[in-house]
Structures are given as structure tokens and as C-alpha cells.
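We did not get these values from a lab; they are worked out from the coordinates using the rules stated. Remember, it's a predicted structure, so these values are computed and weren't measured experimentally. With ideal geometry, Cβ positions are generated from the backbone for all residues, glycine too; neighbour counts draw on all protein chains shown.
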Amino acid sequence: MSALKPWERGPFELIVHAEAHFRGGRDFDRRMAIISYDNSIEVSIHTYLDLHPIQRLNREYKTDQIRIWLENYHSKIDFFIEEVSSRGLSLVCDKAEFVWYHKVRNGQYHTGDPTIPQGEDVEGIREAALWVFGVLFEIEDMEQRLAREMDLRFPSPPEREEEYDEAINDLYGEVTVGGRDYSVSEVLFAVDDAYYRKLGADLCGATEDEEGEEQSA
């Protein structure tokens, strides 16, 4: 998977920011996600049109036409729809849908609309944002690229090991903290994950050695 070009990083960062909120799932997250996905659509198009032709595979457009396309959100979408058609690609999202998502976004961003964006709208604008970025910058594996980036930036938290829990708790049992009883493995995992894993591995290794000695005897 090739690295992003310098001019691609800005709009991609907006997508990453939106994706983090999209995965959050709270009302606030849905608001922030739809704003950032929408921003990424506009920034992707603006960035692309502002590039030197050599940075967009020598695709050239008339300067006066670029000026018209960059005037506002609607004209940017006009350019993108035309570009998709000129490349012989299928539409994932038509202009009417872009305009709807942008209206929902404006309700959150400009007027402080108390209504929470519908999940379908957030999912729809997410698909549109990844599509726009992928088409303009010729990236076919947007879902895979985004998933990889999210895993790098927001790795899944470590999980407890059942065999470690059993070995630690068999030896140390429970401990009382603030009037509540917790298994020692649970407390150790929470305060020192590295030692939890070392102790668990040591105890499990010792158990395996003992079982091996019993079998050989």
C-alpha cells in the first residue's frame, strides 16, 4: 500500500477525524462525524483542483473553469460529478444526496440544530467522502487504507487472557478495594498490564513444567 502524497494528507486527516467520531457512536460523535466527512468532501475537491497538472496525472482544466468550480460547495460538486462521468465511473452518490448531507451538516455547524443526525445520513456521507477522495486521488482501497490507519492510530486495547486469570487467581484469590471484592488478576491487569502478562506466563509455564514432570515420573 503506497504512502499518501503530501497534498493528499490534509483531506485524509479530515476523514480520519470523522471516522474516529463515527466509531464513537454518541450523539456528539455523530454531529462531529457528519461535519468532518462533509468538510473532507469539499477540501478533497478544492485540493485536487488547486494542484499542478503534474500532481494529478497531467489532467488539465481551463483556469477560468477551475475558478468557477471553486466558487462554492455546489459548483465543486458539479465538477466532481462531471469528473466521474468523464472517467466512465459509476455514481455512488448523486448531487441531490450531496446537497442533502451538506444541508444536514450546516444545520449542525452553522445553526446549532438540536436534532441529532440520523445514522443513515452519517453512513451515507461517509461513503460519499471515501468515494470522493478515492476517485480524485486514484485510491481504490479506501476502506482498507482507512481501517489500517485507524488501527495504527487507535489500536485495540489489550485483553485479558483466560489462562492467566485462572493461574493468578488460583494462587492469589481475591482482594478487597474500597469495600468491594475483585479478583487479583482483574486488579493487576488494570494497574500493570505488563506485569500481569509476565506473572501469568510464568505461572502457566510453571504449571506446564510440573505437569510434564508428573507424566515423566
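Couple of notes before you dig in:
- Neighbour-count ranking [beta-carbon atoms within 10 angstrom, fewest first] of 184, 177, 43: 177, 184, 43
- For the chain, the longest principal axis of the C-alpha atoms and the axis of helix 27-49 are separated by about 50°.
- Dividing the radius of gyration of the alpha carbons in segment 52-131 by their Kirkwood radius gives 1.04 for Rg/Rh.
- Helix 73-86 and the longest principal axis of the Cα set of the chain meet at an angle near 90°.
- Rounded to 10°, Cα long-axis angle of helix 162-172 versus longest principal axis of the chain: 40
- Cα centroid separation, segment 123-188 to segment 1-43: 20 Å.
- Above 18 Å, the calculated P(r) of segment 6-153 contains 56 percent of its Cα-Cα pairs.
- Largest-first principal axis extents, alpha carbons of segment 1-49, Å: 33, 24, 11
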